[in-house]
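Readers should treat all values here as calculations from the given coordinates under stated rules, not as data from a laboratory. It should be emphasised that the depicted structure is a prediction, and the values quoted were computed from it without experimental measurement. Methodologically, a virtual Cβ is constructed for each residue, glycine included, from the backbone with ideal geometry; neighbour enumeration extends over all protein chains shown.
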Amino acid sequence: MPRPLITGDPLETIEGRWILRILLRLKNGEHRFSDLKSALPRISSNVLTERIRALESAGLVERHFLPPPAASQVYALTSLGAELGPALEAIEKWQSIAREHGCQGLRED
């Protein structure tokens, strides 16, 4: 695997809109692009592609090609990305608790 292209603070690799949502999806296993797009309906295809490429460049996500008849590519966390597992699980737990308390998230204007 090529070395990640992290040039600054490693936390910068998980900042930004959609990054955590993509990582949370991939935490549970590999997904096709279309599966990620369906799971995140408000993200545009262009932005999803951009975020996945950034995560690949950072060494957190890798692309695999499935053999025929599927003949498709899937995305999965790398070993470095999988190290985020406990943090992602904590975020999921917090998300569940926040929803129970009526937190709806922030609205963008």
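If amide hydrogens are placed 1.01 Å from N in the peptide plane, which non-local residues have theirs closer than 5 Å to the one on ARG32?
TYR75
Using only Cα atoms, what is the ratio of the radius of gyration of the chain to 2.2 N^0.38 Å?
After normalising by residue count via 2.2 N^0.38 Å, the value is 1.13.
Helix-only estimate, please: 222 nm mean residue ellipticity of the chain, summing -39500 (n - 2.57) across DSSP H runs of length 4 or more and dividing by its residues, to the nearest 500.
One gets -13000 deg cm²/dmol as the mean residue ellipticity at 222 nm.
Over the Cα atoms of segment 61-109, how large are the radius of gyration and the largest Cα-Cα distance (Dmax), in Å?
Rg and Dmax of segment 61-109, Cα atoms, are 16.8, 47 Å.
Residue farthest toward the positive end of the dipole of the chain, with Cβ of Lys/Arg at +1 and Asp/Glu at -1: which of LEU77, PRO41, VAL61?
Projecting each Cα onto the dipole axis, the largest value belongs to PRO41.
Starting from the Cα of GLU83, step 7 Å along the direction of its Cβ; do the same at ARG17; then give the gap between the two resulting points in nm.
Each label point lies 7 Å from its Cα, and together they span 3.0 nm.
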